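For reference, the structure is listed below as structure tokens.
What follows is calculated from the coordinates using simple rules that are stated; it is not laboratory data. Computed from a predicted structure; not experimentally measured. We place every Cβ from the backbone using ideal geometry, glycine too, and count neighbours over all the protein chains shown.
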Amino acid sequence: MSFISDMNGRPMLGVNKYPKDYVDAARAAVQGQVASYRALAAAARDPAGVADFERRFFSHMLLALDSYFVHRLRGVEGKDGSALNEVRMLANGVMSNAGMLAAARRSSTAPKSRSPGSRIRDR
């Protein structure tokens, strides 16, 4: 059996709580990437090119964010429609559904409780 390790090399199988330093490091990494994007977008001269890059960049940032916490136990996500539940659903859409939001098998999320403007089968 192989183990996935956290940032400190400790094995992780299923996690129901993350250490504060782990969450802080993940937050800093994501904030650094977003700051780099903002600097690049500000320097760019082609709005269409920025829009195409933005869609791809933030899809991959979503995957990166989800991967920091991929070993979370489903019970940690709380009720359907929570931020953690939505990140998992969006990441699954990027990875497995051609970028389209798909209904989770166990999700009972009503459209009004999901992210503003997101609908099943949205890209």
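Assuming R0 = 22 Å, can you tell me the calculated FRET efficiency for the pair A28 and D52, based on Cβ-Cβ distance, to the nearest 0.05? It would help to have the intermediate numbers written out before the result.
Values: r = 27 Å, r/R0 = 1.24.
Taking R0 as 22 Å, the efficiency between A28 and D52 is 0.20.
The order of L40, L62, going from fewest to most other C-beta atoms within 10 Å of their C-beta, is L40, L62. Residues whose amide H falls under 5 Å from that of V15, counting only those 5 or more places apart or on a different chain, are R72, L73, with hydrogens built in the peptide plane.
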